[in-house]
Amino acid sequence: MNITFSKMSGNGNDFIVIDNRDGKYTSLYNKNFIEKVCARGLSVGADGVIFIEKSDTVDFKWQFFNSDGSVAEMCGNGARCAARYAFIENIAGKSMAFETLAGIIKAEIMENNEVKTMLTSPHSLELDKKITACGKKYNIHSVNTGVPHAVLVCDNIAETDVFSLGRDIRYNKDFAVNGTNVNFIEVTGENSLKIRTYERGVEGETLACGTGCAASAIVAIKKGLVKGPVHLLTYGGKTLTVYYDDNTVYLQGEGRRIYTAELKEEAYNY
């Protein structure tokens, strides 16, 4: 089966997006297919796969899979990519809403390939939680911005072992049963942060994480470290902007279509 798809990028977080409104690709909702097409060097390579489906209530709904085949409730960068794809393909207008497992996401197409999304209301905020990771004690903050996130404030994230520390926190008993994404932030100005993220489901560092940027901005504002709107420089070198007021969160950044192509069976049957 040959599959038409688009490769999308949101601040370095890349996704395979497939239009499944007619349901003919539902058989691909499995770990084997997802892992294989997301494998870099062997297939297309991506941080995740997004299937666009019909919705009875809003413009569309999605099924989102991490690169390891697991299902994620929400992905901020993926949401912008899905929204721009829907606009390009005339599935939705400039203002739209779509269903995710985290709830209804609203999005607006902006200039210069940018998309502004209103995320679901954050919840489960917990500041100054003491945990032990990699044999040391850390002061961790956490909040759910559609998916769970832990935030660690650092003096210099360039020298932080994001993989080892991120992995240990991700699987830490304090975040059981489902684990957490882990964000490392460094304050760089009154309205700015640098951020690096270890993503659950990818099981490694990604170039950007939208819900992680939202979580980090919320924590930094609550701790009095920055004022909004917050501009976050991601590991991929691009900036995401988070607007936070009265427990409402907007995330703005790019949602670029890199190319459209046809996925051959050899790309996932190997």
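Taking the stretch 55-162 as the region of interest, what is the percent of Cα-Cα pairs per 10 angstrom bin, listed from the shortest bin to the one with the maximum distance?
13, 34, 29, 17, 6, 0
Binning every alpha carbon pair distance of the chain at 10 Å from zero, what are the percents per bin?
It works out to 7, 32, 36, 19, 5, 0, in whole percents.
Taking square-rooted eigenvalues a ≥ b ≥ c of the alpha carbon gyration tensor, is the stretch 89-218 rounded, prolate or oblate, where a/c under 1.5 means rounded and, failing that, a/b exceeding b/c means prolate?
Prolate, because a/c is 1.5 or more and a/b exceeds b/c.
How many Lys pairs in the stretch 188-270 lie less than 26 angstrom apart by Cα atoms, where the lysines are 8 or more positions apart or on different chains?
7
Express in whole angstrom the spacing between the alpha-carbon centres of the stretch 237-252 and the stretch 1-80.
With the stretch 237-252 and the stretch 1-80 each reduced to a Cα centre, they are spaced 24 Å.
Under a straight-distance cross-link criterion of Cα-Cα below 16 Å, which aspartates and glutamates are reachable from Lys94, leaving out those fewer than 8 residues away in the same chain?
Asp59, Glu108, Glu111, Glu114, Glu254
Using only the alpha-carbon atoms, what does the stretch 1-107 span along each of its principal axes? Please give whole angstrom values in decreasing order.
Result for the stretch 1-107: principal-axis Cα extents of 37, 30, 24 Å.
Taking only protein heavy atoms into account and a 1.4 Å probe, give the accessible area per residue of the chain in Å².
Ligands and nucleic acids excluded, the result is 43 Å² per residue.
Using a 1.4 Å probe on the protein chains only, how many percent of the accessible area of the chain belongs to carbon and sulfur?
45
Can you give me the solvent accessible area of Tyr29 with a 1.4 Å probe, rounded to the nearest 10 Å²?
60
Divide, for the stretch 199-270, the radius of gyration over alpha carbons by 2.2 N^0.38 Å, where N is the residue count.
For the stretch 199-270, the normalised Cα radius of gyration comes out at 1.47.
Please compute the modelled spin-label separation between Ala158 and Asp128, points set 7 Å along Cα→Cβ, answer in nm with one decimal.
Reported label-point gap for Asp128 and Ala158 is 3.1 nm.
Counting GluC sites (Glu not before Pro) as exposed when in a DSSP loop with at most 12 other beta carbons within 10 Å, what is the longest stretch of the chain free of them?
Longest gap between qualifying sites, sites excluded: 1-110.
The values are calculated or read from the model by the stated rules, or taken from the named source; none is laboratory data. Just so you know, these numbers come straight off a predicted model, no measurement behind them. Counting neighbours? That spans all protein chains shown, and the Cβs are built from the backbone with ideal geometry, glycine included. The area values use the complete protein model at the heavy-atom level, side chains included, leaving out ligands, DNA and RNA. Shrake-Rupley method; radii C 1.70, N 1.55, O 1.52, S 1.80 Å.
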